[in-house]
Structures are given as structure tokens and as C-alpha cells.
Amino acid sequence: MLNIGKMDRRVTIERETETVKPSGSVVKTWVSVATVWAEVLQQTASEFFTGYGEAETGTVIFRVRYRPGITSADRVTYDSTAYGLKEIKELGRREALELRGEALKS
């Protein structure tokens with residue numbers, strides 16, 4: 001069950017778009033799709049262990065109200081950090097989405 005009271009962080013869902021300049025060159029930019037309230041869940045260090053040792057990834061789970069059309073090609077920006085979406089899981093019957101993001105390197 002979704003607890004709306006825990007959704008106390010603002011995150012922005014962004015989608016990459018391509019724009020063709022008059023010169024013919026293509027420019028890729030990230031455009032805001034929506035700014036929504038989210039519950040941010042940090043994973044514990046034990047969840048980062050792999051077969052070869054500890055992984056150095058910044059994985060975060062964002063729980064947001066259900067929103068159609070979000071794909072793993074999108075990204076979430078939170079606290080000045082962009083997170084590429086690795087997994088999207090529907091909670092309940094279109095009640096919420098769990099977006100598992102991994103911090104992108106600048």
C-alpha cells in the first residue's frame with residue numbers, strides 16, 4: 001500500500017529529445033516531463049555486493065504515483081544528481097511506480 005505522507009521529496013522525470021539545428025546538426029537535450037513528489041529509498045551497503053566484491057554504484061529507489069509512459073530511456077533528477085532508470089516496477093493496480101535509478105557519471 002502506498003503511503004502518500006512519505007512522498008516528501010521533489011524529483012524531475014526527464015526524457016532525451018533530439019533537435020535539428022538549421023545547420024543540419026543534431027543536438028540531444030534532456031527535457032522535463034514532470035516534476036512530482038516522491039519517496040526516496042536509499043539502498044543499504046549489503047545490497048551493493050557482487051560476486052567480485054563491493055560495487056561502487058549510487059543506486060536509489062524513487063516511489064512516485066503511477067504515471068503512464070515512463071520508460072528505462074528516461075531519467076530522474078534529484079538533489080542535482082541525474083539517475084538513469086534501470087528498472088520500473090508497478091505497485092498495486094496502477095497505484096504507484098518504483099523507479100530504480102543509478103547515478104550517472106557527469
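The values are calculated or read from the model by the stated rules, or taken from the named source; none is laboratory data. Since the structure is predicted, the reported quantities are computational estimates derived from the model, not experimental observations. Cβ sites come from the backbone with ideal geometry, for glycine too, and all protein chains shown count toward neighbours.
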- Message: Can you confirm whether residue 57 is at pLDDT below 90 and within 17 Å of residue 81 (Cβ to Cβ)?
- Response: yes
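Let's see how each residue does on (1) modelled with pLDDT of 90 or more; (2) outside any loop (DSSP other than H, G, I, E, B); (3) surrounded by 13 or more Cβ atoms within 10 Å (Cβ to Cβ):
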{"position": "2", "(1), (2), (3)": "no, no, yes"}
{"position": "29", "(1), (2), (3)": "yes, yes, no"}
{"position": "40", "(1), (2), (3)": "yes, yes, yes"}
{"position": "64", "(1), (2), (3)": "yes, yes, yes"}
{"position": "69", "(1), (2), (3)": "yes, no, no"}
- Query: For region 4-27, which residues satisfy the criterion of being among the hydroxyl-bearing types (Ser, Thr, Tyr) and assigned to a loop (DSSP other than H, G, I, E, B)?
  - Reply: 23, 25
